[in-house]
Amino acid sequence: MNTDNYMELIFPATSQNEAFARVCAAAFAARLDCTMEDISDIKTAVSEAVTNVVVHAYGLKTGKVILRGKISGDTVTFEIQDFGKGIEDIQQAMQPFYSTGNCEERSGMGFTVMQSFMDRVVVHSQPGRGTTVRLEKIIPISSAEAAAHAALS
């Protein structure tokens, strides 16, 4: 069975749409025969990435988020893209407890959470042009699926 697939959603960067992004990502990844733990990991990581856009990317302006999903073999990849302020120092931003937001309201653990739940997290950003966060998770294919996939190849 060929599991390759893709999707793209564009929505306003508002806190109400964070849950929408979580559900869409989970539904998209579910076709890989994920465990509930895998689905939970994906929902949490996508939620953190979208929340980062809502809180940090646009300031008081409303901008947009593009959520792309891709399934290739046993890997599901999500890209969360904004066109906001961008990140000056990606390495610093990815350090635990670092936040540009109000320290009383933000823990600075967003990227750390994403890294703990996904197999790979890659961040590209240009100040003044926006940020793209790529989240990758490998979902092992069951032996029966692998045999069926091999038979079709």
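The values are calculated or read from the model by the stated rules, or taken from the named source; none is laboratory data. Owing to the predicted nature of the structure, the values given are computational and were not obtained by experimental measurement. Positions of Cβ are generated from backbone atoms using ideal geometry, with glycine treated the same way; all protein chains shown enter the neighbour counts.
Per-residue answers, yes or no, for (1) part of a loop (DSSP other than H, G, I, E, B); (2) within 28 Å of residue 138 (Cα to Cα); (3) modelled with pLDDT under 95:
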{"position": "67", "(1), (2), (3)": "no, yes, no"}
{"position": "70", "(1), (2), (3)": "no, yes, no"}
{"position": "78", "(1), (2), (3)": "no, yes, no"}
{"position": "85", "(1), (2), (3)": "yes, no, yes"}
{"position": "96", "(1), (2), (3)": "yes, yes, yes"}
{"position": "99", "(1), (2), (3)": "yes, no, yes"}
{"position": "113", "(1), (2), (3)": "no, yes, yes"}
{"position": "122", "(1), (2), (3)": "no, yes, no"}
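In the set (1) in a helix (DSSP H, G or I); (2) over 13 Å from residue 134 (Cα atoms); (3) in contact (Cβ under 8 Å) with a residue 40 or more places away in the chain, the condition left unmet by residue 6 is number (1). Residues that are modelled with pLDDT of 85 or more, among the aliphatic types (A, V, I, L, M) and either more than 24 Å from residue 30 (Cβ to Cβ) or exposed (fewer than 14 other Cβ atoms within 10 Å of the Cβ) (or both): does segment 137-152 have at least one? So far as segment 137-152 goes, no, none of its residues is modelled with pLDDT of 85 or more, among the aliphatic types (A, V, I, L, M) and either more than 24 Å from residue 30 (Cβ to Cβ) or exposed (fewer than 14 other Cβ atoms within 10 Å of the Cβ) (or both). Looking at 57, 29, can you tell me which residue is in contact with a helix residue (DSSP H, G or I) (Cβ under 7 Å, 6 or more places away or on another chain), modelled with pLDDT of 90 or more and surrounded by 14 or more Cβ atoms within 10 Å (Cβ to Cβ)? One residue alone meets the criteria, 29. Restricting attention to segment 9-44 and to residues that are among the hydroxyl-bearing types (Ser, Thr, Tyr) and assigned to a loop (DSSP other than H, G, I, E, B), the residue that is nearest to residue 141 (Cα to Cα) turns out to be 35.
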